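The values are calculated or read from the model by the stated rules, or taken from the named source; none is laboratory data. Note that the structure is predicted; figures quoted are calculated from it, not measured. FYI the Cβ positions are ideal-geometry reconstructions off the backbone, even for glycines, and counts take in every protein chain you see.
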């Protein structure tokens, strides 16, 4: 028997698996064709970031800085002074932790119009292991004044977000990934920075998810619907500024929350939502996130299971938070 959730899920079916970094690469190329002020800088990872499309089409606007990420951030900040809109590209770990001082001093403090675009985030970087798996980057970036922080869920949303940040004035951290994941959002969607997307409506519990765990949350919602549990699932693609209005409106209805993200529990989406709720509307909260551990080498899906970031763990978190309601 089909549940109401099955009917609503028809909007979120997928026929293909696509990597989110390719959404960024395609959008960057299109932006370059539309706006001559768009420039791109990469730290020796052009193919990995899918910036090769832009580099081949606009060699005069592409700067390969080599393995010199701090220098890349300084160059990007300088280019904004001449009216350029620089997009920097490297792995999430090297986009944030390695260059935090340069981002803080030269970009965030000065409110420079730099778009820091970071691939290979989270555990799903996989076999490259803990040194390359960035689980702290959202926390680092969201603490910086003036910084907008975005974490997209699929190819289509990453492409839409890349277009949106080009029109946004000010520094942005755009986080996406390496593996091929379900591509389920609308190809012509309008991406609104700072505005959560309500995927399914429910009355029993709210799941706030971001990045790759949005699809996992939809899978969990289907399982829970079969048990009679009505979940409201909201895609929080923008960690900062947080969509306080949508969050509080949903929580006022459901009275309990699960957050889901591919990041450390400390400093991530769950941390931001908990801070909001403890000040405005205290309710029980359970968090699906990496709990104060480094990652390790392994296949992406196996790592998600080991660290508790898979569909069954979201289901169990919902049951647990409902028992505390």
Take residue 138 and decide whether it is in a helix (DSSP H, G or I) and in contact with a strand residue (DSSP E or B) (Cβ under 8 Å, 6 or more places away or on another chain). yes
For the stretch 15-25, how many residues meet the condition of being over 26 Å from residue 166 (Cβ atoms) and either in contact with a strand residue (DSSP E or B) (Cβ under 7 Å, 6 or more places away or on another chain) or at pLDDT below 65 (or both)? 1
Of all residues in the stretch 141-170, count the ones that are closer than 28 Å to residue 297 by Cα and in a strand (DSSP E or B). 3
Checking the conditions here, which among 317, 289, 260 is more than 24 Å from residue 172 (Cβ to Cβ), surrounded by 17 or more Cβ atoms within 10 Å (Cβ to Cβ) and not assigned by TED's automatic domain parsing to the domain that holds residue 172? 317
Checklist (1) crowded, with 16+ Cβ neighbours inside 10 Å; (2) closer than 24 Å to residue 238 by Cα applied to residue 279, failing item: (1)
Which residues, taken from the stretch 30-61, are in contact with a helix residue (DSSP H, G or I) (Cβ under 8 Å, 6 or more places away or on another chain), farther than 14 Å from residue 162 by Cα and surrounded by 15 or more Cβ atoms within 10 Å (Cβ to Cβ)? 41, 42, 43, 46, 48, 52, 53, 58, 61
For the stretch 277-286, the count of residues that are out of contact with any helix residue (DSSP H, G or I) (no Cβ under 8 Å at 6 or more places or on another chain) and in a loop (DSSP other than H, G, I, E, B) equals 1
Picking from 252, 260, 289, 274, which residue would you name as being in contact with a strand residue (DSSP E or B) (Cβ under 8 Å, 6 or more places away or on another chain) and either modelled with pLDDT under 95 or assigned to a helix (DSSP H, G or I) (or both)? 274
Given (1) under 13 Å from the mean Cα position of the chain (by Cα); (2) not assigned by TED's automatic domain parsing to the domain that holds residue 39, where does residue 148 come up short, assuming only one miss? (2)
I'd like the full set of residues that are surrounded by fewer than 22 Cβ atoms within 10 Å (Cβ to Cβ), at pLDDT 95 or above and part of a loop (DSSP other than H, G, I, E, B), limited to the stretch 80-112. 83, 84, 97, 98, 109, 110, 111, 112
